[in-house]
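Some notes on the structure that comes next.
Values in this text are rule-based calculations from the coordinates and carry no lab data. Not measured: the values here are computed from a predicted model. Note that we place each Cβ from the backbone using ideal geometry, even for glycine, and neighbour counts take in every protein chain shown.
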Ligand SMILES: Cc1ncc(C[n+]2csc(CCOP(=O)(O)OP(=O)(O)O)c2C)c(N)n1
Ligand code: SF4
Ligand code: SF4
Ligand code: SF4
Ligand SMILES: [Mg+2]
């Protein structure tokens, strides 16, 4: 549609939804229906709404979201695999005037980076952490991760994950909630409009905790990986609601804010 | 005149279909055509039924939609 035709069609109308300013024009590299895209946008919208674009730094994982620096119009550091919470801590301690967020997949946060993630939470560092749990290693082709559900088929568990071989799925948010360090820990999802709105609220709260100097906030978000789950995007959304959520219930787990 | 209006950035759309599923008004559908990345992008099929709720924009993982809503009259 031409600019003129659009202007005519939208006369007397208000723009109620548009691309946030904290994203540039670069297309995401995610697969169709991947929730990383929704979550990236929610973080960018929140940065816009809080007016912190010029003093926010992101730290990105190794994983499908490795390229955050390409499309976020803010500074982003991409540390070694699993070291995202540690590097976010370093940035925050060196420059307490900046808002710093860590963005990590389940492989990054709960597998190779468990040590770093856990100690950052235990120190109660004043950072905002997003843990994107899609129950497998998306980027490398869908291998089992510590958060893979029991009986879930992955490329490394072709017959399904068995507890006797690999243990049950690790519940990072519940585990970290047992510590005295963290201020806020919540689990959210983005498979429908209601959950997307709730996730946005949680993201905003987690950033506010940091700007108010109140300490460590973790937002775990259950995320779809349609391609490695072997499902179309609509089915992948249903899987979260009907299956993943039963193992990883939604809602606030800890709130000392 | 419809209460809302959606504009699709066809080149950004990856044809995931989540907006079609989320729209309460049945406004959107696949175009049956392909963008330069090879995706069957979404098109506005029933523009008259759009209420400008923004649901489609919120669920879109690729930020491919802009939504407009009619302002309230006589405030
Ligand atoms: C030191 C190191 N070990 C292993 C890898 C291979 N690798 C790349 S991404 C990844 C896991 C990604 O899974 P996750 O963190 O869940 O992110 P997702 O892609 O699912 O969002 C692994 C194991 C690597 N790049 N570097
Ligand atoms: S592999 Fe999965 S997590 Fe990675 S971009 Fe594709 S859908 Fe998203
Ligand atoms: S704004 Fe609402 S009614 Fe209009 S196309 Fe989007 S979801 Fe449908
Ligand atoms: S949700 Fe976005 S990417 Fe998916 S089909 Fe609709 S416009 Fe295209
Ligand atoms: Mg993952």
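What value, in deg cm²/dmol to 500, does the helix sum -39500 (n - 2.57) over DSSP H runs of n ≥ 4 give at 222 nm once divided by the residues of chain B? Walk me through the numbers before you get to the answer.
Details: 2 runs with 10 residues, N = 75.
So the calculated ellipticity at 222 nm is -2500 deg cm²/dmol.
Contact order, relative form, for chain B: 43 percent (alpha carbon pairs under 8 Å, 6 or more residues apart, mean separation divided by residue count).
Summary value for the range A:29-255: 20 percent relative contact order, contacts being C-alpha pairs under 8 angstrom separated by 6+ residues.
Going from the alpha-carbon gyration tensor of the range A:131-223, what semi-axes, largest first and in whole Å, does one get by taking the root of 5 times each eigenvalue?
Details: eigenvalues 168, 53, 20 Å².
In descending order the semi-axes read 29, 16, 10 Å.
Across all directions, the shadow cast by the convex hull of chain B built on its C-alpha atoms averages 4.9 square nanometres.
Translational diffusion of the range A:71-151, estimated by Stokes-Einstein from the Kirkwood radius over alpha carbon pairs at 10 °C in a medium of 1.306 mPa s, is 120 µm² per second.
From the alpha carbon centroid of the range A:210-257 to that of the range A:172-207 is 8 Å. Peptide packing for A:217-227, A:113-123 was compared via the average number of neighbouring C-beta atoms within 10 Å per residue; ordered from the highest value, the list is A:217-227, A:113-123.
Count, for each residue of B:14-27, the Cβ atoms from other chains sitting within 10 Å of its Cβ, then give me the mean as a whole number.
On the way: counts 9, 3, 12, 5, 13, 0, 1, 4, 5, 0, 1, 0, 0, 0.
The mean count of partner-chain Cβ atoms within 10 Å per residue comes to 4.
Which order, highest average first, do B:60-69, A:18-27, A:168-177 follow once you tally other Cβ atoms within 10 Å for each residue and take the mean per peptide? Walk me through the numbers on the way to the answer.
On the way: B:60-69: 23.9, A:18-27: 15.4, A:168-177: 18.8.
Peptide ranking by packing, descending: B:60-69, A:168-177, A:18-27.
For chain A, the Kirkwood estimate of hydrodynamic radius, built from reciprocal distances between every pair of different alpha carbons, is 18.6 Å.
Need one value for A:20-30: mean number of C-beta atoms belonging to other chains within 10 Å of its residues' C-beta atoms. Working shown, then result.
Values: counts 1, 0, 0, 1, 0, 2, 0, 8, 5, 0, 4.
Other-chain Cβ atoms within 10 Å of each residue's Cβ, averaged: 2.
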